[in-house]
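Beneath this line is the structure, given in structure tokens, with notes to follow.
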Amino acid sequence: MAGIPTQVIENAREQVLSSDINRVSNLAGRELMDAAQSRSVRADFYAPASNSFDDFTVGAKAAQAIPLAGLTRPPSLDGITSVFDMAIGAGEAQLPGTPSSVDISGYQLLRWPAQTLTWPAGGTPNPSDPLICLVVATPADALTDLQSRNILVDPVARTVAPANVYKTTNPVATLSVVAGTAAAAPVAPAVPAGALALFEVYVPPLASDSTAFLPVRRAWRQIEFPGTSQHGIVKGGVPVLNTTATPALVSLAAAPSSVHRIVIDGELLSFGGMFINPAQPDSINPPVASGHANFDAPAYLYLCGGRNQPLLNYSSLVPGVYSPLPVALIISLTPPDALGFPTASLATATPTRTFPRAACCYVGLCFCAAGATTNVPAFYAGDFIYSAKTVPTANLKGFLLPGLGATNAFAAYTFAGQPAVSDVVDLSVAYATVPADQGIFSTSSTSAGQFARFLFTNDIGYSVGNKLAINANPFQIYIMSAGGNGTMYVVPAGYNMNVPRLGR
């Protein structure tokens, strides 16, 4: 029957050899592992480096059809009192590689039990400088199930003799520690060929035992297909804005009960009870030092990390003080693309670190207040960010209604400072002085785009909110007054953020 998995063909009268049986086992394993390999490949062939969404581009397919390494059971890693060795928990991982024969899959399975990692002498604490070591797993096989079998020793005489032989082989992993080089600003050593890096471990100088070591994951849990193409927030991940903070001082909620789950380039990062603070400014495209004179200046917030950029030693504000955080919160003027990757790489200055696009996930907006150096007080409501403003204020421009009488013509009002990612705005309107008649708000220069009609009254501070699609960047609305002149204040009370979310 056509379309079935690879099989060994045996003639009904053919002598079956032990090699045939072995090949049956190999081919069955190859089919199973190749199926797992296909499930770890991207679903949409999206290439962050080129921002290519084209499923039919050969180059894009070739670049993205490579199976991804990842953990299916993430291990723990803990220090041990009085020694430099560390305790690692049981784990499982998948690693694509080069097959040793056509009958063997290139996808390798790594499994290991909980054990103690023997720390190499070259990776022990240096008297003056820190160093970074790598914990890696290398695929291996374990022969088990030793049994006695009669083995043919003379094919001519057909004589056999009993011998103990292994009947089972299991995938395992050899765990080892690659020592780094001590330096004032240490870097992780290279990953050995054919191995999977599990952890980076920061070894501070003069540490008395491994309880002072700081580990951070180099590999996280790989999501199953089609999650291999997902990128966005699963739970939490919403920044916290300090109303008196400079634009760089934005944090992530860190109550002990707060659990954050985020998928970065198909890899699930889960962490809780950690205070990710502060947001580091992007050194390539940093946020403005103060808001524009006439409008609030938007900036974009990204959570960065995962296999594309591990975050060992992601520094606090104090140089040389290290904290192994699972993600970095970075604020940048670089907007995201349609999937939540930044449209260019991000970087930080303390420590010096470049984050490729695939390591960064857009999580929200913030605004530097017009004519100020502080963030606009704001709160998040679903996909919207709302500025805590009162209307009218001195920072908001008034719009003088054109007293056009019977001509009923529209005049345009333009909003500067619109985030590039936003396509819906929530407007607030207030009147300072009012005309004698009604007015129309429209998204075009005719009443065909009308989205609101107002009856002007003398109630100063009258306000109404209307969510509508943005029709230009910067956003414009058209206002018509059928009566005399009047003054109103129009302000975007909130913008949608278009944050990629995978669930609640």
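Data overview
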quantity: Residue identified as outside the structural domain of Leu325 (by TED's automatic domain parsing), in contact (Cβ under 8 Å) with a residue 40 or more places away in the chain, of a type outside the set (A, V, I, L, M) and part of a strand (DSSP E or B) among Pro139, Pro186; calculated: Pro139
quantity: Condition met for Val240 (β-branched (Val, Ile, Thr), farther than 30 Å from Pro500 by Cα and within 29 Å of the chain's Cα centre (by Cα)); calculated: no
quantity: All positions within region 366-389 that are of a type in the set (A, V, I, L, M) and surrounded by fewer than 24 Cβ atoms within 10 Å (Cβ to Cβ); calculated: Ala369, Ala370, Ala372, Val376, Ala378, Ala381, Ala388
quantity: Tally, over region 68-103, of residues that are aliphatic (A, V, I, L, M) and in contact with a Ser or Thr (Cβ under 6 Å, 6 or more places away or on another chain); calculated: 4
quantity: Check on Leu311, at pLDDT 70 or above and in a strand (DSSP E or B); calculated: no
quantity: In region 72-110, the residues that are among the small types (Gly, Ala, Ser) and in contact with a helix residue (DSSP H, G or I) (Cβ under 6 Å, 6 or more places away or on another chain); calculated: Gly79, Ser105
quantity: Candidate set from region 198-222 (those that are of a type in the set (A, V, I, L, M, F, W, C) and modelled with pLDDT of 90 or more); member that is surrounded by the fewest Cβ atoms within 10 Å (Cβ to Cβ); calculated: Leu206
quantity: Verdict on Ala195 being surrounded by fewer than 18 Cβ atoms within 10 Å (Cβ to Cβ) and more than 16 Å from the chain's Cα centre (by Cα); calculated: no
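This table checks each residue for (1) within 27 Å of Leu301 (Cα to Cα); (2) at pLDDT 80 or above; (3) within 29 Å of the chain's Cα centre (by Cα).
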site: Asp383; (1), (2), (3): yes, yes, yes
site: Ser387; (1), (2), (3): yes, no, yes
site: Pro392; (1), (2), (3): no, no, no
site: Asn395; (1), (2), (3): yes, no, no
site: Leu400; (1), (2), (3): no, no, no
site: Gly405; (1), (2), (3): no, no, no
site: Phe410; (1), (2), (3): no, no, no
site: Ala416; (1), (2), (3): yes, no, no
site: Asp423; (1), (2), (3): yes, yes, yes
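The values are calculated or read from the model by the stated rules, or taken from the named source; none is laboratory data. On a predicted model such as this, the values are computed, not experimentally measured, just so you know. When we count neighbours, we look across all protein chains shown, and the Cβ atoms used for this are built from the backbone with ideal geometry, even at glycine.
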